[in-house]
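Heads up: the structure comes next, in structure tokens.
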Amino acid sequence: DVVESQEHYKSRWRSIWIMYLTMFLSSVGFSIVIMSVWPYLQKIDPTADASFLGWIIASYSIGQMVASPLFGLWSNYRPRREPLVISTAISVAANCLYAYVHVPHSHNKYYMLTARALVGFGAGNVAVVRSYIAGATSLTERTSAMANTSACQAVGFILGPVFQTCFTLIGEEGVTWKFLCLQLNMYTAPVLFGALLGVINIILIFAIFREHRVDDMGRQYKSINSDGEGSDVLDQNTEESIDHVAVVALNVLFFVILFVFAVFETIATPLTMDMYSWTRKEAVFYNGIILSVIGIESVIVFMVVKTLSKKTGERAILYAGLLIVLVGFFILLPWGKKLPNIQWQEIKNNSIPRTAPSEMLAPFWSLPELQLPSNHTAEPVGCPVTQSWCLNTPKIYLAQYISSDVLIGLGYPVCNVMSYTLYSKVLGPKPQGVYMGWLTASGSGARILGPVFVSQIYTHLGPRWAFSLICGVVVVSLLLLEIVYKRLIAFSVRYGRMQE
């Protein structure tokens, strides 16, 4: 029988809720600028191209990949409040730096790169959050708690673009405070707001968060992170080995899941600007709305899978989620015959509708008389002629794009929460800080390679190659899941202490 005092139960769940908040703020720190990075980069440093955008997006994940195992190791041996506060403070400082990247007279893109890398380093506390929740919940509470954690992360992804969309009302010029050398505009206001939320998070960690640890059955026992009360009832069980094949397989699957989602969120702005001739402001605004709707969809999915997993199990839901993601990217392949509007830098409106490349090549080279004056400031829109595939790759219709968004918004949250849940159950009662650090690092590695991969492949070969390769990666991950399917069981079930 599990005996837990009411006060301990309330304190344990108050601390878990603080971890939910920390996860939410980490997510907001990433998504609050994701739709505006590209136009802001073009504004502050015209030398930056789409390939450098990939590195800007990836820098967040490079920082997180480096920090996650370190913070995870730290949390295994010291009070978790320490890495949580330090990491959040780093994110606050990095957001402030991002607001000032326009100030230097040169190399602005590298300052932006540094700021995003430091924000990512601070987001390495995700490993601490996940390991704490895994250790502070019983096996029956775990799926629900992990789903709630991922839901908070999803809400962060929802509200981040919403905040960004609201801040577009300030405009690109905004307000300048010369005594602070600060431009408060649609690009800097969101990160300053994120910094304020980080300060609030630090205060709540000091005021409310406490260390708690329970076993798979819900029995309280002593945590190495604190001197609190509890028994050492399960210490003898921690010597039993973890199924490292299952651990590695879940790391690989999680890498694939984060990789395909990183591709999706990175390519959204350039793809819509190329295919639908949206301006920078329109791309930020419309994609912010689309991602917000997808985020709402994800939260609903998280709530549903908590109930559904009790009937079907986490493994079957993970398999179904990967299939849905595969269909989503398959739909995104260019299927039609109409070509996207081409961007001619010299021509007013910079956008010419076409149905075949040969129809416009001759007129393009014979239109010098239509060149605009050198002081013309109209923003070029359409698919840039420097991307040679624009001349022969069919347009991805808006209906395709939105349908794909809906499916990926359904499949990704399912895969995300089931991966974390299965991983924490496979690891069992041992301190999970380092292991969660490696899982977060594998996801961060995916966020590094995903943007770089898609920015390079998309820029040079186009969407057909980019999305076809993604489909192939998801098919391979489905085969891997099939191979290790029977090994993805809880630690306590594996050793016969509980039934599946």
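Cβ-Cβ contacts under 7 Å between residues 6 or more apart (or on different chains), taken from a first residue in the stretch 256-277 that is farther than 15 Å from Pro384 by Cα to a second residue that is not in a helix (DSSP H, G or I), are listed as Glu265/Ile34.
From the set of residues in the stretch 76-106 that are of a type outside the set (A, V, I, L, M, F, W, C) and without any contact (Cβ under 8 Å) to a residue 12 or more places away in the chain, which is surrounded by the fewest Cβ atoms within 10 Å (Cβ to Cβ)? Filtering first and then ranking leaves His105. Kindly check whether there is at least one residue in the stretch 334-356 that is at pLDDT 85 or above, surrounded by 13 or more Cβ atoms within 10 Å (Cβ to Cβ) and assigned by the TED database to the domain that holds Tyr412. Within the stretch 334-356, one or more residues are at pLDDT 85 or above, surrounded by 13 or more Cβ atoms within 10 Å (Cβ to Cβ) and assigned by the TED database to the domain that holds Tyr412. Looking across the stretch 174-211, the residues that are open to solvent by 10 Å² or more (accessible area, probe 1.4 Å) and part of a loop (DSSP other than H, G, I, E, B) come down to Gly174, Cys181, Arg210, Glu211. Residue check: is Thr168 in contact with a strand residue (DSSP E or B) (Cβ under 9 Å, 6 or more places away or on another chain) and either free of Cβ contacts under 8 Å to residues at least 60 places away in the same chain or part of a helix (DSSP H, G or I) (or both)? So Thr168 does not fit the description; no.
Taking Val103, is it modelled with pLDDT under 90 and not in a helix (DSSP H, G or I)? When the stated conditions are applied, Val103 passes them.
Number of residues in the stretch 434-479 that are touching a residue at least 24 places away in the same chain (Cβ under 8 Å) and within 19 Å of Gln400 (Cβ to Cβ): the value is 12.
Being free of Cβ contacts under 8 Å to residues at least 24 places away in the same chain and in a helix (DSSP H, G or I) is a condition met by no residue of the stretch 54-69.
Is it true that Val475 is part of a helix (DSSP H, G or I) and open to solvent by 50 Å² or more (accessible area, probe 1.4 Å)? Spelling it out, Val475 is indeed part of a helix (DSSP H, G or I) and open to solvent by 50 Å² or more (accessible area, probe 1.4 Å). Being more than 24 Å from the chain's Cα centre (by Cα), of a type in the set (Ser, Thr, Tyr) and more than 30 Å from Asn185 (Cα to Cα) is a description that applies to Ser5. Do we have Ser404 as under 18 Å from the mean Cα position of the chain (by Cα), of a type in the set (S, T, N, Q) and open to solvent by 10 Å² or more (accessible area, probe 1.4 Å) here? No; evaluated as a whole, the condition is false for this residue. Can Val426 be described as in the same structural domain as Ala490 (by the TED database), at pLDDT below 80 and either closer than 27 Å to Leu258 by Cα or open to solvent by less than 10 Å² (accessible area, probe 1.4 Å) (or both)? The answer is no for Val426.
The values are calculated or read from the model by the stated rules, or taken from the named source; none is laboratory data. None of these values were measured; they are calculated from a predicted model. As a convention, Cβ positions derive from the backbone with ideal geometry for all residues, glycine included, and neighbour counts pool all protein chains shown. We work out accessible area using only protein heavy atoms, side chains counted, and drop any ligands, DNA or RNA first. Shrake-Rupley method; radii C 1.70, N 1.55, O 1.52, S 1.80 Å.
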